[in-house]
1. Taking helices (runs of 4 or more DSSP H) that do not extend beyond the range 121-237, which have at least 3 residues that are within 30 Å of Ile43 (Cα to Cα)?
2. Before we move on, is Phe203 more than 7 Å from the ligand (Cβ to nearest atom), touching a residue at least 40 places away in the same chain (Cβ under 8 Å) and surrounded by fewer than 13 Cβ atoms within 10 Å (Cβ to Cβ)?
3. For the subset of the range 118-147 comprising residues that are in contact with a strand residue (DSSP E or B) (Cβ under 6 Å, 6 or more places away or on another chain) and acidic (Asp, Glu), which member is most open to solvent (accessible area, probe 1.4 Å)?
4. Exactly one condition in (1) open to solvent by 20 Å² or more (accessible area, probe 1.4 Å); (2) within 12 Å of the ligand (Cβ to nearest atom); (3) over 16 Å from Leu83 (Cβ atoms) is not met by Pro183; state its number.
5. Of the conditions (1) more than 30 Å from Arg224 (Cα to Cα); (2) at pLDDT 95 or above; (3) open to solvent by 10 Å² or more (accessible area, probe 1.4 Å), Glu115 fails just one. Which one is it?
6. Considering only the range 1-61, give the strands (runs of 3 or more DSSP E) lying wholly within it that have at least 2 residues that are without any contact (Cβ under 8 Å) to a residue 60 or more places away in the chain.
7. Checking Arg156 against (1) modelled with pLDDT of 95 or more; (2) out of contact with any helix residue (DSSP H, G or I) (no Cβ under 6 Å at 6 or more places or on another chain); (3) more than 17 Å from Glu210 (Cβ to Cβ); (4) open to solvent by 50 Å² or more (accessible area, probe 1.4 Å), which single condition isn't satisfied?
8. Kindly establish whether Leu192 is touching a residue at least 24 places away in the same chain (Cβ under 8 Å), within 21 Å of Pro146 (Cα to Cα) and either within 14 Å of the ligand (Cβ to nearest atom) or touching a Cys at 6+ places or on another chain (Cβ under 6 Å) (or both).
Amino acid sequence: VNLILLFPEDFVCGAPDRVLLRGRRLLHVTQVQRASIGDELRIGVLGGRIGRGRISALDSDRLEMQIRLEREPPAPLPATLVLALPRPLMLKRVLHAATAMGVKRIALIGARRVERSFWNSRALRDDALREQLVLGLEQACDTVLPELRLSTRFKRFVVDELPEWSAGSLALVAHPGAATECPRQVGRPITLAVGPEGGFSDFEIETFEEQGFEAVHLGERILRVEAAVPALLSRLL
Ligand code: SAM
């Protein structure tokens, strides 16, 4: 955690510059950052500006800070990520990494080689998804949550919804063995689709292509999704 993200309920009633923290964030401040009264911590308001908070009171139960907001959060990455739903542990890592890299729109979709049981995982509960997004923001000193869309139906999402999402962007589907090498530093917004552990099927690649996506490869080394996503985003943007 490199920034403490503040939520509306953290603010002391009637005082826009005073916050009270308990629980996970209090433990982090005392046990990891080992901060004490008078120390300043990096803070950000959910969906808003970032700045500093000076600790004015601290005990084992609560921390009080006086905050001042100084600047806007970092610029978003102009990328939309369409991800065939990975297994739960990988999902957590990818959501965290994509959020930390500044992706602001993520779709988790079904595909032929996505195991159906993944859709029932606890990692897909609203609170679990939000936790990874918040941790990603706190990692990267950002405050703006990505928009998240879940769709179990591959074709319905790719044909009916994706065209609106990808309009005006360079639309790519990462596919080992594709004829075209993934471009570098494209300098424009992208929509990037990444497949499941078993890869997208031929039908799925054709469906993306019908929607204006180009299949691209990253070289002959086939990476896990959690490695492929940051590698592709870094290379493209
Ligand atoms: N056996 C699968 C295949 O050949 O498609 C491997 C899938 S890979 C573990 C999971 C996803 O990561 C792929 O569907 C693709 O989107 C992305 N990926 C991993 N390595 C890649 C590479 N070298 N080139 C393009 N995409 C890659």
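The values are calculated or read from the model by the stated rules, or taken from the named source; none is laboratory data. Bear in mind that the values here come from a model prediction, so they are computed numbers and not experimental data. Positions of Cβ are backbone-derived with ideal geometry, glycine not excepted, and every protein chain shown enters the neighbour counts. These area figures cover heavy atoms from the full protein model, side chains too; ligands, DNA and RNA do not enter into them. Shrake-Rupley method; radii C 1.70, N 1.55, O 1.52, S 1.80 Å.
1. Values: elements: 126-140, 162-166, 202-210, 225-236.
By residue number, 126-140, 225-236.
2. The answer is yes for Phe203.
3. Of everything passing the filter in the range 118-147, Glu147 is most open to solvent (accessible area, probe 1.4 Å).
4. Against the list (1) open to solvent by 20 Å² or more (accessible area, probe 1.4 Å); (2) within 12 Å of the ligand (Cβ to nearest atom); (3) over 16 Å from Leu83 (Cβ atoms), Pro183 comes up short only on (2).
5. Unmet condition: (1).
6. Here the list reads 18-21, 40-45, 50-58.
7. Exception for Arg156: condition (3).
8. Values: touching a residue at least 24 places away in the same chain (Cβ under 8 Å): yes; within 21 Å of Pro146 (Cα to Cα): yes; either within 14 Å of the ligand (Cβ to nearest atom) or touching a Cys at 6+ places or on another chain (Cβ under 6 Å) (or both): yes.
Taking the combined requirement at face value, the residue satisfies it.
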